[in-house]
Amino acid sequence: GRVELYAQPIVSLAGLPPSGFQGEVLCRLRTAQGRLLFPAEFMADLEADGHASELDIAVVDGLFQWLRAHPLAIPGIARLGINLSGKSVASASFRSRFAELLGQAPLPHTALCFELTETAMIASQEPVLRLFHDLRARGCSLSLDDFGSGMQNFERLRQVPVDSLKIDGQFVRNMQTQSRDLEIVRAAIAVADAHGLVTVAEYVENAGLAEQLRGLGVRWGQGYHFGRPEPPASRLLPGAEASATPAS
């Protein structure tokens, strides 16, 4: 009961007019003492202790419960990205509970985009690939998160039904001052283009960076320049201020 949800917009770098909220669902943990923990403060421990799948289920379940309690938010949602860990998708018990939740989703599956890291996406286990294909069959989208942190096994991208690549923010953030980071971003864009995938850049923190990414061919941006993570009510309810548009 200490998982708190936030939403951060993802916007078109080409300035397409908004027709619904597109963004990522993020989470924080509230300690017994009331302090709010960011993922960097708890994810490593959760994964080491084998509890990552419990957090993933709590986030999906919590989001769906919030949407049921606020049905007016649903029509204005174009797409919500939700993170899944590699250990979650490899767990049979997780996949079973996850399927139950999806079967009762309060919004169209086409409005859901599940984000997985390279480690999860390049997994060769047949059950994992079946999950990915099942999500696509339901109408969900898949995004490869933190791309560039370990760019390898490009051939595996042909086997995994991914729709978009999110370029790792650690390279985006420094690409204006670090030539090596810029070249990694260029390489990620080239890989995405070669596979016909949409690109999303993380950690876009100023207008100059957004313009440079647009010039490189990146389609979507996410970062403080476009909006900080806010509680769902501040982003998703009618009248909430959110600059976000659906992918095209």
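The values are calculated or read from the model by the stated rules, or taken from the named source; none is laboratory data. Owing to the predicted nature of the structure, the values given are computational and were not obtained by experimental measurement. As a convention, Cβ positions derive from the backbone with ideal geometry for all residues, glycine included, and neighbour counts pool all protein chains shown. For the accessible areas, the whole protein counts, side chains as well, though only heavy atoms, and no ligand, DNA or RNA atoms are used. Shrake-Rupley method; radii C 1.70, N 1.55, O 1.52, S 1.80 Å.
Structure summary
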item	result
Ser12 vs. criteria buried (at least 17 other Cβ atoms within 10 Å of the Cβ) and farther than 24 Å from Arg228 by Cβ	no
For Glu100: the one exception among (1) at pLDDT 95 or above; (2) part of a strand (DSSP E or B)	(2)
Residue count for segment 197-235, restricted to those that are outside any loop (DSSP other than H, G, I, E, B) and within 30 Å of Leu72 (Cβ to Cβ)	9
Residue that is crowded, with 23+ Cβ neighbours inside 10 Å and modelled with pLDDT of 95 or more, where the choices are Leu213, Leu209	Leu213
Close pairs from segment 33-44: first more than 13 Å from Leu55 (Cβ to Cβ), partner open to solvent by 50 Å² or more (accessible area, probe 1.4 Å), Cβ under 6 Å, at least 6 apart	Leu36/Arg30
Segment 175-196, residues that are farther than 20 Å from Thr117 by Cβ, open to solvent by 10 Å² or more (accessible area, probe 1.4 Å) and assigned to a loop (DSSP other than H, G, I, E, B)	Gln176, Thr177, Gln178, Gly196
Lone unmet requirement of (1) under 16 Å from the mean Cα position of the chain (by Cα); (2) buried (at least 17 other Cβ atoms within 10 Å of the Cβ) for Pro39	(2)
Leading residue by the ranking (nearest to Leu135 (Cα to Cα)) among those in segment 65-85 that are touching a Phe, Trp or Tyr at 6+ places or on another chain (Cβ under 7 Å) and crowded, with 21+ Cβ neighbours inside 10 Å	Leu84
Close pairs from segment 203-226: first among the hydroxyl-bearing types (Ser, Thr, Tyr), partner open to solvent by 80 Å² or more (accessible area, probe 1.4 Å), Cβ under 7 Å, at least 6 apart	Tyr203/Arg173; Tyr224/Glu205
Matching residues, segment 15-36, being in contact with a helix residue (DSSP H, G or I) (Cβ under 7 Å, 6 or more places away or on another chain) and either open to solvent by less than 30 Å² (accessible area, probe 1.4 Å) or within 17 Å of Tyr224 (Cα to Cα) (or both)	Gly20, Phe21, Gly23, Val25, Cys27
Breaking point among (1) surrounded by 13 or more Cβ atoms within 10 Å (Cβ to Cβ); (2) modelled with pLDDT under 90; (3) not hydrophobic (A, V, I, L, M, F, W, C), for Arg158	(1)
Qualifying residues in segment 114-149 (those that are open to solvent by 10 Å² or more (accessible area, probe 1.4 Å) and of a type in the set (A, V, I, L, M, F, W, C)) - the one modelled with the highest pLDDT	Ala137
